[in-house]
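Notes follow once the structure below has been shown.
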Amino acid sequence: MITQEQLKETVERKDALKRYLDIDNKKIQVEEEELRTHVPDFWEHPKEAQIQMKKIKDLQQWIEGYAEVEKVVDELSLAWDFYKEELVTEEDVDNLYHDAITKIENLELRNMLRREEDKMGVVLKINSGAGGTESQDWASMLMRMYLRWCEKSGYKTSIANILEGDEAGIKSCTINVEGDFAYGYLKSENGVHRLVRVSPYNAQGKRMTSFASVFVTPLVDDTIEVKVEQALITWDTFRSGGAGGQNVNKVESGVRLRYQFTDPYTGEKEEILIENTETRDQPKNKENALRQLRSILYDKELQHRLQEQAKIEAGKMKIEWGSQIRSYVFDDRRVKDHRTNYQTSDVNGVMDGDLDEFIKAYLMEFSESAQ
């Protein structure tokens with residue numbers, strides 16, 4: 001059973017949220033922004049209209065999020081009084097308290113995600129490391145883990161491209177994750193992930209270490225301006241492999257985009273290569289590949305901005321073998337994040353997508369440098 005002090009603290013956190021989220025002012029802003037949508041020619045300018053509607057939606061999300069917090073905290077206070085009159089049980093009060101704390105913490109965490117890119121979706125790419133089948137199997141387990149997390153978190157996912165392993169698992173995959181603040185949460189996953197287990201692919205039953213890298217970039221939409229030089233793009237088409245019926249194998253629906261990129265700050269040249277086999281429709285795959293290109297170019301500009309801030313760089317780790325951000329040790333029933341030192345023994349839960357505590361620990365520790 002919670003204490004009166006815990007109840008008081010919960011009410012104080014609710015009131016503090018209202019102040020620093022400036023809820024009253026956001027309600028006024030929504031009214032003002034909605035008035036702008038009432039002008040006669042509003043929908044004659046689709047792009048501007050889309051930006052305006054997104055602005056209203058973003059404000060409403062904060063208002064609705066706080067309304068949920070306010071409602072459950074009020075219910076908790078009422079349940080506390082009812083408990084004294086023996087109208088509700090201790091379990092009822094404790095359940096409401098847990099619900100209130102969860103909603104408060106979720107809103108507090110979201111408030112940490114203030115950068116423009118934090119609100120966006122994600123392009124999440126997983127590459128297996130050296131080690132053959134074992135590493136490829138590990139990459140496929142990570143893919144499943146992130147797909148499960150997205151499902152639990154209410155995000156829409158689509159696999160833009162996947163390269164199957166030689167015997168099992170995958171060599172690489174690219175997943176598009178769509179939904180508000182997906183990048184803000186999943187940016188914590190950027191880095192090298194290390195697996196230690198007794199390998200089912202080793203005849204001697206030896207304990208093996210495998211690596212896979214996870215790269216996270218914001219998924220840009222039409223409201224973000226990104227300059228793409230069409231003259232620097234070349235296209236190839238190919239037949240998609242794998243299961244899917246005769247159409248997949250006989251029609252060249254897969255597309256390969258090559259973009260000759262020159263870094264405007266360093267002058268370095270590189271070829272950006274993107275493959276998309278998401279659908280059986282070649283034009284749609286081209287559209288998806290272009291969207292990924294815009295996301296990559298946006299991320300390059302974003303990384304340049306971050307590199308200009310020494311404080312941010314001090315909290316970042318290089319993405320290279322041997323500098324893993326997290327270790328998954330199956331035999332010892334332990335998953336540990338090396339940046340925050342948060343760890344859990346619930347290995348199965350983590351592999352089923354229970355990543356919220358890792359994400360929370362990262363944001364709590366690095367929210368200053370992540371801004």
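Each reported figure results from applying straightforward, stated rules to the coordinates on display, with no laboratory input. Here the structure is a predicted model, which is why all the values come from computation and not from measurement. A quick note on method: Cβ atoms are made from the backbone with ideal geometry, for glycine too, and the neighbour counts reach across all protein chains shown.
Assuming charge only on the beta carbon of Lys and Arg (+1) and of Asp and Glu (-1), the dipole of the range 1-139 about its Cα centre is about 800 debye to the nearest 20.
All C-alpha to C-alpha distances of the range 4-112, sorted into 5 Å bins beginning at zero, yield P(r) values of 2, 11, 19, 16, 13, 11, 9, 7, 5, 4, 2, 1, 0 percent in whole numbers. What fraction, in whole percent, of alpha-carbon pairs in the chain exceed 29 Å separation? Every Cα pair in the chain considered, those over 29 Å come to 53 percent. Per-residue Karplus couplings for the range 164-171, computed as 6.51 cos²θ - 1.76 cosθ + 1.60 with θ equal to phi - 60°, are listed in order as 5, x, 5, 10, 7, x, 9, 7 Hz, Gly and Pro entered as x. Which residue, S77, S295, S140, tops the fluctuation ranking in a GNM of the chain built on C-alpha contacts under 10 Å? With Cα springs under 10 Å in the chain, the top fluctuation among S77, S295, S140 is at S77. Could you identify which residue out of K27, K119, K14 has the top mean-square fluctuation in a GNM of the chain using Cα springs shorter than 10 Å? Maximum among the listed residues: K27. Under the convention that each Lys and Arg Cβ holds +1 and each Asp and Glu Cβ holds -1, the size of the dipole of the chain around its Cα centre is about 1660 debye. Per-residue 3J(HN,Hα) values for the range 92-104, derived from phi via the Karplus relation 6.51 cos²θ - 1.76 cosθ + 1.60 with θ = phi - 60°, read 4, 5, 5, 5, 5, 4, 4, 5, 5, 5, 4, 5, 5 Hz in sequence order (x marks Gly and Pro). Find the percent of Cα-Cα distances in the range 264-304 that exceed 17 Å, and round it to a whole number. Of all Cα-Cα pairs in the range 264-304, 40 percent lie more than 17 Å apart. Secondary-structure-derived ellipticity at 222 nm for the chain, considering helices only, amounts to -15000 deg cm²/dmol, per-run term -39500 (n - 2.57) for DSSP H runs with n ≥ 4.
Semi-axes of the equivalent ellipsoid for the range 87-230, computed as √(5λ) from the eigenvalues of its C-alpha gyration tensor and ordered from largest down, come to 33, 26, 12 Å. Under a 10 Å cutoff between Cα atoms, tell me which one of L113, L124, L21 has the largest fluctuation in the Gaussian network model of the chain. Residue with maximal mean-square fluctuation among L113, L124, L21: L21.
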